[in-house]
Every structure is written in C-alpha cells, then in structure tokens.
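Participant: Can you read through this structure? Questions will come right after.
The values are calculated or read from the model by the stated rules, or taken from the named source; none is laboratory data. Worth saying up front: this structure is predicted, and the values here are computed from it rather than measured. Positions of Cβ are generated from backbone atoms using ideal geometry, with glycine treated the same way; all protein chains shown enter the neighbour counts.
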Amino acid sequence: MEKRIRVLVAKPGLDGHDRGAKVVARALRDAGFEVIYTGLRQTPEQIAEAALQEDVDVVAMSILSGAHPHLFPKVVDLVRGKGMKDTLIIGGGVIPEGDIPALKEAGIAEVFTPGTPTTAIVDFIKNNVK
Amino acid sequence: MDIAQELLNGNRLALSRAITAIENEYDEATEIMKALYPHTGHAFVLGITGPPGAGKSTLTDKLAREYREQGKTVGIIAVDPTSPFSGGAILGDRIRMNGLTLDEGVFIRSMGTRGSLGGLSHKTADAVKALDAFGKDIIFVETVGVGQSEVDIVKAADTTMVVLIPGMGDDIQAIKAGILEIGDVFAINKADHDGADKLVTEINMMLDLDGVMKEWRPPIQKVIANQNIGVTEIISLIEKHHEHIKANGQLTQRRTERTKNEMLDILNSGIGSYITRNIVDNGKLDGLVKDIKAHKTDPYTVVGNIMRSMLK
C-alpha cells in the first residue's frame, strides 16, 4: 500500500518569517509524510485551492501576527466549501489559549502553540486523519 | 462520486481524487484509468529537468503564464525526491508558482518519487493522462534531475528541456551521461551570472562532438527566469521542436515508445504486487529463506518453483 499522509503547511496572512513552519515541515517529513509548503503571504483562497489540487489529508496553518481569529475560520469554510469534508485542519503559532475554543468551534481540530513537541503534532495527525 | 465521469465533466476535485487513487494504487485506480484512456492523447507533454537549484520551477511558472496568455490550459506535475529513510518528502516546487494557484486554467500537483528508482514511474505517466483527459492543452512534468530520472523524463515527454546554470563547478558536470543526450532544448538560467557564455560554448562543443548524426540540433537559450527574460524565446524553441517532431513522425514514434514502456512498467508493477502479496506478506518467504540457509534448497530452485506456480 503506497498511501502517504499528505499535509499542506500554510502561512495565511502577512507573517514576516516562517521559521516555525519550516521546523514543523521537516518534522512531518521525517515522520514519513509528504509535505507541501507554499511559502509566506498566502490568502485563504490560495490555501484552499492548493489543498484541493494536492488532495491533502491535512491543512496545517501557522500564524504569528494575531490574524488567526479571522483567517483560520475563513480557510475552514473555503476548504469545506470545495467539497473536502474530511480534511483535518489544524493550526499553530502565536495563539493565546483563550482564543482556542472559538477556533475549535470554527472547525480547527487542534491548535499547537509554541513549545509543543513536534511529535505531538505527528501523533495527532496519525490518530485523527481520515 | 464517479471519479472518472466527474473528471471528464471538468470537476477539479475529481481530477485531484483521481491522481490520489493513482498514486496510492487504490483498487478503483485501474477502473478510472480504463475510463479515462480513450480521452487521452491530445495534450502536449513538456519534460523539464536539471540539477537542484537550477530554477526549473521558476521557469515553469513563467512558461505556464506565457501559455496562459496564448489561451492554452496548463497542467503541471512537480516531482520531488522522497526520503529513502523516512518515506516522507518536502514537495516544495509549488512555492515558486504561487501566482498560478488561483488561475482556473492551471492545475498543479506535487508528487514524491516514493521510492521509484528512476524518479518517475507509471504513476506519473498516469497522472499525466488524468490531466490530459481533463482537457489540459500543455502538461509540464518537472523533475529532480539527478541521474536516472533524466532518462525517465524523456520517456514521459514529447519535448524535454534541460535547465542548467553557470558556475556549477567543474564543466565535466555538463558532459556526464544523460544530460546532453536527452535535451531537445537547453535553457541556461541565471544567465546574468558569471560563466553563462562559457557554459553555452561548452555545451555547443559537446553537441558538435556528438558522434550520432541527429537531425535536430538542440538549441541553447540563455534566460533569467525570475526576471522573465528569455522566456518568450524558450517558448518559440519548444514550439519549433514540437512542429519538427510532428512533421517527421518522431512524435508518433515517441508516444509509441512511451505506451510500450508504460505497459511494461504496469506489468512489472503488477507482478511485483503479486509476489509481495503471495510470498512476502503471508510469511511464505521466511520459510523459503530458512530452507535456503539450511541448504535444503537454493534460490534458483525456489524461484523456478514460484515462477511455475505463477504461470500455471
């Protein structure tokens, strides 16, 4: 069986750097996943369309700028709207604990804040991917 | 969803799902390919190869835009290496083609080599067919460009473009097996760097020395992809080659070769799966190895027996 878990690592919004996203990308690769990384300054529309074309199992977003309350739910809506009902959508970056319940309400399966071991992300994906 | 039918109707999600089924060897993949096959054969397939960092993806992005200006629809398959240790991959070609993501006439799919020796496999060829059946006019297949995969690209494409950059150390690099033999068009990218003209001269000299009398002399074009310089010239050279192989029957010849190779590849893959299922996975292999090690039998006898039972 040739199936690999495919993950889109995406940076919505106007973050200035992607060091964290790249660390996660490498960890996911080392865990045997195929990681598509689309770089900085992605719009929600670009992220959702890339997710469709690449038929990813997971969309993993990173935001440092504080725009997550707006951009994360927007991406969820667009991805679901394209017919990708089972795609696991997760997030990380600089996200206050207090914001997390609302994000989960909006369809983000889990949020991984700074200090989380990358193994936690890998395990969550393996356990929750459909 | 009837993936094949939806794909033929222009459903992008169906196209995406079809490629996934192909990649992962899902049971329905064979049925999908059978349904799509009659609708293939129209797209022009352009192979792009070259060493890492040569600017293949950037150049692909620019070429795709030009074709879009001409009103053509474009499919791009970007192949990156899978780690032989972890089985994972960073598929990072898409990052250079961000501007094309929201263009409805462009479909980009990243694929890992997933252990395929040559870098390309019949799965890539099948993914090309899916894009072809979907209606794409031009399909780019962009690969890693090291060693064997360069030769595989030739098998998958109508026209092959090799992208090189100056300053890659020893000029001997350019004459190593494969590169010069497979290029129909050469692009010297980052041509504003030192050594660009020297590289053009060196490749020309190598092509001059080429013992085989070829009727198509591969042109060499300097480009600076990220400044969009030389891109229009490259397109016209590609078109020239396309016209050339159409006119002299080579296009048909190449596609016949391609069909033959794909068939053999699928056949070998099928045999391999059979062996894995019926001898490796069910533990039979372990028993056989034990017998061989105890000198009760030998590998050749064992294989002979397996072959006889397989072919019954």
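Participant: Among the residues of region A:110-130 satisfying the criterion of being assigned to a loop (DSSP other than H, G, I, E, B) and over 20 Å from A:G13 (Cα atoms), which is nearest to the chain's Cα centre (by Cα)?
Facilitator: Just the residues of region A:110-130 that are assigned to a loop (DSSP other than H, G, I, E, B), to begin with: A:113-117, A:129-130.
Checking the rest, the ones that are also over 20 Å from A:G13 (Cα atoms) come to A:115-117, A:129-130.
Details: A:G115: 17, A:T116: 15, A:P117: 16, A:V129: 13, A:K130: 15 Å.
By that ranking, first place goes to A:V129.
Participant: State yes or no: is B:T143 out of contact with any His (no Cβ under 9 Å at 6 or more places or on another chain), away from chain A (no Cβ under 12 Å) and either over 26 Å from B:E6 (Cα atoms) or of a type outside the set (F, W, Y) (or both)?
Facilitator: Yes, satisfied.
Participant: Same structure, new question: Could you check region B:1-45 and list, in sequence order, the residues that are more than 9 Å from chain A (Cβ to nearest Cβ), of a type in the set (D, E, K, R) and assigned to a helix (DSSP H, G or I)?
Facilitator: Passing the criteria: B:E6, B:E28, B:E31, B:K34.
Participant: Looking at B:I90, B:I95, B:I48, B:I77, which is the one that is in a strand (DSSP E or B), closer than 24 Å to A:R4 by Cβ and facing chain A (nearest Cβ under 10 Å)?
Facilitator: B:I90
Participant: Pick from A:D86, A:D57, A:D77: which is within 13 Å of another protein chain (Cβ to nearest Cβ), over 23 Å from A:P117 (Cα atoms) and not β-branched (V, I, T)? Walk me through it before giving the result.
Facilitator: Details: A:D57 fails: over 23 Å from A:P117 (Cα atoms); A:D77 fails: within 13 Å of another protein chain (Cβ to nearest Cβ).
Within the list A:D86, A:D57, A:D77, the selection yields A:D86.
Residues checked against (1) loosely packed, with under 11 Cβ neighbours inside 10 Å; (2) outside the structural domain of B:S121 (by TED's automatic domain parsing); (3) touching a Cys at 6+ places or on another chain (Cβ under 6 Å):
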| residue | (1), (2), (3) |
| --- | --- |
| B:L209 | yes, no, no |
| B:E215 | yes, no, no |
| B:I220 | no, no, no |
| B:N226 | no, no, no |
| B:I234 | no, no, no |
| B:T256 | yes, yes, no |
| B:T297 | no, yes, no |
| B:V303 | no, yes, no |
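Participant: Now a separate question. B:Y67 is checked against (1) part of a strand (DSSP E or B); (2) within 22 Å of B:A54 (Cα to Cα) and fails just one. What number does that condition carry?
Facilitator: Failing condition for B:Y67: (1).
Participant: Between a first residue in region B:263-287 that is within 18 Å of B:G115 (Cβ to Cβ) and a second residue that is at pLDDT 85 or above and of a type in the set (V, I, T), which pairs have beta carbons less than 8 Å apart while being 6 or more apart in sequence or on different chains?
Facilitator: B:I275/B:I306
Participant: Let me ask you something else. Mind counting the residues in region A:2-39 that are assigned to a loop (DSSP other than H, G, I, E, B), of a type outside the set (D, E, K, R) and either at the interface with another protein chain (Cβ under 7 Å from one of its Cβ atoms) or buried (at least 17 other Cβ atoms within 10 Å of the Cβ) (or both)?
Facilitator: Taking region A:2-39 and keeping what is assigned to a loop (DSSP other than H, G, I, E, B), we get A:2-5, A:11, A:13-18, A:31-33, A:38-39.
Within this subset, residues satisfying the condition of being of a type outside the set (D, E, K, R) are A:5, A:13-14, A:16-17, A:31-33, A:38-39.
Then keep just the ones that are either at the interface with another protein chain (Cβ under 7 Å from one of its Cβ atoms) or buried (at least 17 other Cβ atoms within 10 Å of the Cβ) (or both); that gives A:5, A:13, A:31-33, A:38-39.
Residues meeting the conditions: 7.
Participant: Moving on to the next point. Please indicate, with yes or no, whether at least one residue in region B:121-137 is within 9 Å of another protein chain (Cβ to nearest Cβ) and of a type outside the set (G, A, S).
Facilitator: yes
Participant: Here's a follow-up. Can you tell me which residue among B:L15, B:L7, B:L63 is surrounded by 15 or more Cβ atoms within 10 Å (Cβ to Cβ), closer than 17 Å to B:V141 by Cα and either in the same structural domain as B:V162 (by TED's automatic domain parsing) or out of contact with any strand residue (DSSP E or B) (no Cβ under 8 Å at 6 or more places or on another chain) (or both)?
Facilitator: B:L63
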